[in-house]
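Everything below concerns the one structure shown next.
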Amino acid sequence: MNTKHIKILGTFIFLLVVITAQGQTPKDSLEIKQVALDYIESQHSVKPEQFERAAHPRMVKRTFWTNKKTGKEYLRETFTDAMVLLAETYNTKGDKFPENPKKEVIILDIYDKTASVKLIADEWIDYMHIVKLNGKWQLVNVLWQFNDSGKH
């Protein structure tokens with residue numbers, strides 16, 4: 001092996017070590033997925049404590065919305081306290097979701113203590129940012145829209 005090959009191999013090993021050090025564990029992946037599931041299942045099952053377990057107290061959920069009178073779009077925000085109330089009240093009659101609701105969780109990226117996740121539900125999608133604080137993964141940002149953006 002010549003010097004050039006040794007340098008290339010050394011660089012490759014260095015990069016592999018750096019990437020591995022920043023990577024997630026299988027436990028992290030499971031916990032991140034559980035945060036996304038707690039977010040949606042709290043609404044399915046009317047369990048506000050499940051939402052509180054998943055979300056950071058300063059979580060913000062956003063979407064675009066349309067003012068029906070002016071036709072102008074604007075950014076609509078919801079915060080943790082309103083989402084806890086939603087989880088407590090939205091599906092109390094059990095008629096807001098199909099019998100077997102769709103809840104596909106796709107982890108888009110994990111880097112050290114941050115993760116990006118896509119949740120595909122029945123009528124909408126959520127893009128989520130999840131952060132690991134003090135050893136616990138928590139939802140901090142959600143950007144969502146209906147599949148049919150005309151519903152906004």
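The values are calculated or read from the model by the stated rules, or taken from the named source; none is laboratory data. Model, not experiment: these values are computed from the prediction. For neighbour counting, all protein chains shown are included, and Cβ atoms are generated from backbone atoms with ideal geometry for every residue, glycine included. To get the accessible areas, we keep the full protein, side chains included, count just its heavy atoms, and leave off ligands, DNA and RNA. Shrake-Rupley method; radii C 1.70, N 1.55, O 1.52, S 1.80 Å.
Taking every protein chain into account, the accessible area of region 39-152 amounts to 61 square angstrom per residue (probe 1.4 Å). Relative contact order for region 48-107: 32 percent, from Cα pairs under 8 Å spaced at least 6 residues apart, divided by residue count. By DSSP, the beta bridges lying fully in region 34-150 are antiparallel in about 90 percent of cases. Gain on full extension, evaluated as 0.36 nm per residue between residue 89 and residue 144 minus their Cα-Cα distance, stands at 17.8 nm. For a modelled paramagnetic label at residue 104, 7 Å from Cα along Cα-to-Cβ, the residues of region 112-152 in reach, with backbone nitrogen under 16 Å, are 117-128, 145-148. For residue 68, a cut-off of 17 angstrom between C-alpha atoms picks up these lysines, skipping any fewer than 8 places away in its own chain: 151. Between the beta carbons of residue 123 and residue 47, assuming R0 = 30 Å, the FRET efficiency works out to 0.90 to the nearest 0.05. Placing pseudo-labels 7 Å out from each Cα toward the beta carbon at residue 116 and residue 72 gives an inter-label distance of 3.0 nm. Listed by chain and number, the aspartates and glutamates whose C-alpha is less than 16 Å from the C-alpha of residue 47, apart from same-chain residues fewer than 8 away, are 38, 81, 88, 95.
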